[in-house]
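Each remark here refers to the structure printed beneath this line.
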Amino acid sequence: MQNPSGLDRRNFLKAGTGLAAAGLAMANASAKAPEEYGVHWYPFLEHPDSDTCWSLSVGPDGRVYAAACAEGVPGGVVKPVRYNEKKDGLDYLFDLAAMVHDPGTSGRATQCKIHYSFAPSMSDGVLYMATHLSGPPIDLPVYNPWYSWHDEKRRFIGAALLAYDTRQEKVLWYDTMIPKEGCRCLLLDEERQLLYSMSYPRDHFIIYDLKTRKHRDLGRISSINPQTLFLDKRHRVWTTDDYGHLIRYTPETDRLEVSPFTLPHPQYQTGWHSVFYDVAPSPDRECVYASLWCPNTNLIRIWPNEGEWPRIENLGPATQDRDTTEVVGMYEDHCGGLVFAGDGQLYYVASRWRDPKYNPMSASHKEREGVVWRLNPKTLAREEVTTLVHPNGFAHYVTRGAVDHNGDLFFGHVGSYPCGIFRVAMPAGRKRENAHLPLRVWG
Amino acid sequence: MQTKTKPQFDPESPKIKAYLDDVHHGTFIKEGTMVACATCFPGMTTPIPLDESHITALDGTPHGTLYGGTSGRQAHLFIALFHGLSNVVLEMGMPEGAIETAAVCCAGSRVFAFVNGARGGRSVSVPQTDLYGEDFIQEWGYTRPVITDHGECSSGEPVVHAVAGPERKSVVAVTSRHIVTIDATADAANVKLTVVGEAPGSGRIVLGSRGGVFGRDDGNSLWRFDVAKGSVQRHAVTLPKGFGDAPLTWATDAASGLLYTAGADGNIYSFHEGKGFSGVLAQAPLAPVGPMAVTFDGRLFGFCGNEMSKMFCFDPSTGKLANLGVAASVLERRRYGYTFGDAVTGRDGEIVFGENDNGGHLWLYFPRIKAAGARA
């Protein structure tokens, strides 16, 4: 099949250069009149075991790929899907577990999901994907990797890494990237042909060399898995530890270093659990925007190319006020799906929930909802543009966002059954051909 | 129409219910309390760097002051106290060129550390410090000591382990090929390393109750070094049949003088200088067995298994060994514990484990107090 974006690496670089200017012009236009963002829902009906969608990314071909994960069903396996614009529906690509010869009937923890682990490679049209664990063996109700670590019969085989050729539409090869552990998040340094990942449960930093197809374990970072790794212009890889410090891997020194400061967090918190949830690169790659995997997360802007340690900006809370003496669950208070669209604006989805004091809502209103926000990176003005609606459940927990080659937004979602993905059709004035470029290279 | 996969088990079966119960209640530390403490003054200083903080050596004083050393890109020495007005781990310094701390021993008025690196296997020392006089709630003070380098233990040979001798007046170390002693009563400037005999260093060594230091010898045996006489007896003790080749680990019951060790398959044995080895007392759930220590009532606690160790308890009064699960701390620091490098018994019978991992912490384990019915 032809690459719908029609772009090779040379054109991709050219397209990326003009993005910032285009974004500013569109931002000005956007202030003039209300715009319609059409929300469409695509459930994973052809994979009824599927109960979560942790990964959603644009491929090197400009199409959007998502993971139909099945972690709640014993023996469940993940199936990658792709949005098909011609039929306005989903294509189910393959049964990943069968592809790597680790079927859901094995009696082991299963190849049940891809967790923030799509990484597109522009030069060769490959979409790398790596698997994560949690799905129980087919004859057990739950799987606990700590409990079963030494159980040769039950333990997870390891994170499978697959190279999916989006041009030929086939899996070129696969390997076990992290023995015994799952891959929580994945990043590709295309120029150096290295994949970086975080292992689960041990929270080790792993480097996989695509040339030799060998992995190297640089050791443990912390206890809580960060949910994203990101790459800077100097090929350094960044993530976080348990207490909200930045962790930086520098290839030249081959070291993992810890920042002397913590990321901005609410003053009533200590910084603990301020680990990256989602990180989106700015189109010019000078900074990134991040949300944390912690209730009451701030939006944060990080300038990794400045100074010995990056300049950090706190852009303020992503979600609503609350009674700080009350525990708000992590699956209730959430911000994800950060993505720059063709209009040069940052979009993200933040949860909103009924609170008698801080957010009273009518009884007829759904108790929780996912609000799509647009943030102007120049003025930092935020505007609510639409809400996501699940046909029979909540739609407040968005995992990842992406923009396809047509300029539409896509969001992965978890928390309601059936599981699936959202497409948010961008207003015509905000769409741009090849809006997905330059590619985000991490899940 | 595709349908959901049907589970292949009966959720009401006793087997499945027992499995669920064990997963929920038996995965992480099942009894007692663990407290993970970072290698810093919490809230005031930063810990030892991530890749330099594998805690591989610990020792303690009767008053509860702990000393330790790390391994990694650079070795560090530290002092720690968790009694009085403390809860601090304070870095004492970095022995030049060292990347591994093989042992730390409190002896005389000093703390001797044995480190390996580009400059060979060396002994360094610092004076012991009394932190009880400091108020680490307010108005504290601390000055890092000067590290004295006593030189290479035996030319070209890495240090494998070391222990304090009887009454902590001396230190006995073993390199890959030789036994080396230190008179710990000498002034720092006059400390001398003396090679006293030839014996292989493999795994840990231990001080027996009658003044002998024991280490793994060639074949299925232990060598014995008589500290008072300064003599080495090769193949002094035969190891139990089937003991295997796992690196030696030891724990000492200070009350009885009994030593504990473990074979390659996780079998636990006791050893008494003079009486010899017991038969197999119990088997740890995983092998190899790592660091162990004995609390005041005689219970032995240790870790077993690679990559993700599990803690076990052997109770000599019942002869039973229990799997206590994976280490986890929710006090002081919220952290899982996977690999441990050393263990000592603390002032009040708590066990202190050194975490041999990136970002290693000191783990205090407070065993569960036995129920009244279990009193002897």
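Residues that are assigned to a strand (DSSP E or B) and without any contact (Cβ under 8 Å) to a residue 60 or more places away in the chain were ranked within the stretch B:168-178; the one that is surrounded by the fewest Cβ atoms within 10 Å (Cβ to Cβ) is B:HIS178.
Within the stretch A:135-163, count every residue that is within 20 Å of the chain's Cα centre (by Cα) and within 13 Å of chain B (Cβ to nearest Cβ). Adding up the residues that qualify gives 1. Taken together, the criteria exclude B:ALA255 from residues that are more than 19 Å from the chain's Cα centre (by Cα), surrounded by fewer than 16 Cβ atoms within 10 Å (Cβ to Cβ), among the hydrophobic types (A, V, I, L, M, F, W, C) and not in a strand (DSSP E or B). B:ILE137 satisfies every condition listed in (1) in a strand (DSSP E or B); (2) closer than 25 Å to B:GLY43 by Cα; (3) of a type in the set (A, V, I, L, M, F, W, C) except (1). Checked against the criterion of being farther than 19 Å from B:TYR336 by Cα, surrounded by 22 or more Cβ atoms within 10 Å (Cβ to Cβ), out of contact with any Gly (no Cβ under 6 Å at 6 or more places or on another chain) and within 11 Å of chain B (Cβ to nearest Cβ), the candidates A:LEU256, A:LEU195 yield just one match: A:LEU256.
When restricted to residues that are within 13 Å of another protein chain (Cβ to nearest Cβ) and in contact with a Lys or Arg (Cβ under 9 Å, 6 or more places away or on another chain), the stretch A:98-132 contains 2. Considering each of B:THR185, B:THR194, B:THR143, B:THR129 in turn, give the residue that is in a strand (DSSP E or B) and farther than 30 Å from B:GLY244 by Cβ. Within the list B:THR185, B:THR194, B:THR143, B:THR129, the selection yields B:THR194.
B:GLU307: at the interface with another protein chain (Cβ under 9 Å from one of its Cβ atoms), out of contact with any Lys or Arg (no Cβ under 7 Å at 6 or more places or on another chain) and among the charged types (D, E, K, R), yes or no? Against the criterion (at the interface with another protein chain (Cβ under 9 Å from one of its Cβ atoms), out of contact with any Lys or Arg (no Cβ under 7 Å at 6 or more places or on another chain) and among the charged types (D, E, K, R)), B:GLU307 qualifies. Are any of the residues in the stretch B:336-356 acidic (Asp, Glu), open to solvent by less than 10 Å² (accessible area, probe 1.4 Å) and closer than 26 Å to A:VAL258 by Cα? Among the residues of the stretch B:336-356, at least one is acidic (Asp, Glu), open to solvent by less than 10 Å² (accessible area, probe 1.4 Å) and closer than 26 Å to A:VAL258 by Cα, which makes the answer yes. For the stretch B:357-376, filtered to residues that are farther than 17 Å from B:THR33 by Cα and surrounded by fewer than 17 Cβ atoms within 10 Å (Cβ to Cβ), the residue that is modelled with the lowest pLDDT is B:ALA376.
Do we have any residue at all in the stretch B:64-80 that's assigned to a strand (DSSP E or B) and on the phi > 0 side of the Ramachandran plot? Among the residues of the stretch B:64-80, not one is assigned to a strand (DSSP E or B) and on the phi > 0 side of the Ramachandran plot, which makes the answer no. When residues in the stretch B:319-333 are screened for being outside any strand (DSSP E or B) and either more than 9 Å from chain A (Cβ to nearest Cβ) or free of Cβ contacts under 8 Å to residues at least 12 places away in the same chain (or both), 3 of them pass. Looking only at residues of the stretch A:219-253 that are among the hydrophobic types (A, V, I, L, M, F, W, C) and outside any strand (DSSP E or B), we find that the one that is farthest from the other protein chains (Cβ to nearest Cβ) is A:LEU229.
Taken across the stretch B:151-167, residues that are surrounded by fewer than 22 Cβ atoms within 10 Å (Cβ to Cβ), touching a Cys at 6+ places or on another chain (Cβ under 7 Å) and part of a loop (DSSP other than H, G, I, E, B) do not occur at all. Residue pairs whose Cβ atoms lie under 8 Å apart, separated by 6 or more positions or on different chains, with the first residue in the stretch B:264-281 and over 16 Å from B:ASN220 (Cα atoms) and the second of a type in the set (Lys, Arg), are B:GLU273/B:ARG210; B:GLY274/B:ARG210. Each residue in the stretch A:259-273 was checked for being within 13 Å of chain B (Cβ to nearest Cβ) and touching a strand residue (DSSP E or B) at 6+ places or on another chain (Cβ under 6 Å), and 3 pass.
Based on what the data block shows, is A:ARG216 among the charged types (D, E, K, R), part of a strand (DSSP E or B), over 22 Å from the mean Cα position of the chain (by Cα) and more than 10 Å from every other protein chain (Cβ to nearest Cβ)? Spelling it out, A:ARG216 is indeed among the charged types (D, E, K, R), part of a strand (DSSP E or B), over 22 Å from the mean Cα position of the chain (by Cα) and more than 10 Å from every other protein chain (Cβ to nearest Cβ). It is to be established whether one or more residues within the stretch A:276-291 are in contact with a strand residue (DSSP E or B) (Cβ under 7 Å, 6 or more places away or on another chain) and surrounded by fewer than 17 Cβ atoms within 10 Å (Cβ to Cβ). Taking every residue of the stretch A:276-291 in turn, at least one turns out to be in contact with a strand residue (DSSP E or B) (Cβ under 7 Å, 6 or more places away or on another chain) and surrounded by fewer than 17 Cβ atoms within 10 Å (Cβ to Cβ).
Taking the stretch A:117-176 as the range and being open to solvent by 50 Å² or more (accessible area, probe 1.4 Å) and assigned to a strand (DSSP E or B) as the test, the residues that pass are A:LYS170, A:LEU172, A:TYR174, A:THR176. Listed here are the strands (runs of 3 or more DSSP E) enclosed by the stretch A:323-377 that have at least 1 residues being crowded, with 24+ Cβ neighbours inside 10 Å and of a type in the set (Phe, Trp, Tyr): A:335-340, A:346-353. The one condition from (1) open to solvent by less than 50 Å² (accessible area, probe 1.4 Å); (2) at the interface with chain A (Cβ under 9 Å from one of its Cβ atoms); (3) touching a Lys or Arg at 6+ places or on another chain (Cβ under 9 Å) that B:ILE16 does not meet is (3).
Total residues in the stretch B:38-85 satisfying the condition of being of a type in the set (Val, Ile, Thr), more than 13 Å from chain A (Cβ to nearest Cβ) and open to solvent by 20 Å² or more (accessible area, probe 1.4 Å): the figure is 2.
Residues that are open to solvent by less than 80 Å² (accessible area, probe 1.4 Å), part of a loop (DSSP other than H, G, I, E, B), within 22 Å of A:LEU256 (Cα to Cα) and within 9 Å of chain A (Cβ to nearest Cβ): does the stretch B:19-34 have at least one? No - not one qualifying residue is present in the stretch B:19-34. Only residues that are closer than 28 Å to B:GLY215 by Cα and open to solvent by less than 30 Å² (accessible area, probe 1.4 Å) were counted across the stretch B:118-149, and they come to 6.
The values are calculated or read from the model by the stated rules, or taken from the named source; none is laboratory data. What you see is a predicted model, and the numbers here were worked out from it, not measured in a lab. Please note: Cβ atoms are built from the backbone with ideal geometry, for glycine as well, and neighbour counts cover all protein chains shown. Just the protein is used for accessible areas: all its heavy atoms, side chains included, with ligands, DNA and RNA removed. Shrake-Rupley method; radii C 1.70, N 1.55, O 1.52, S 1.80 Å.
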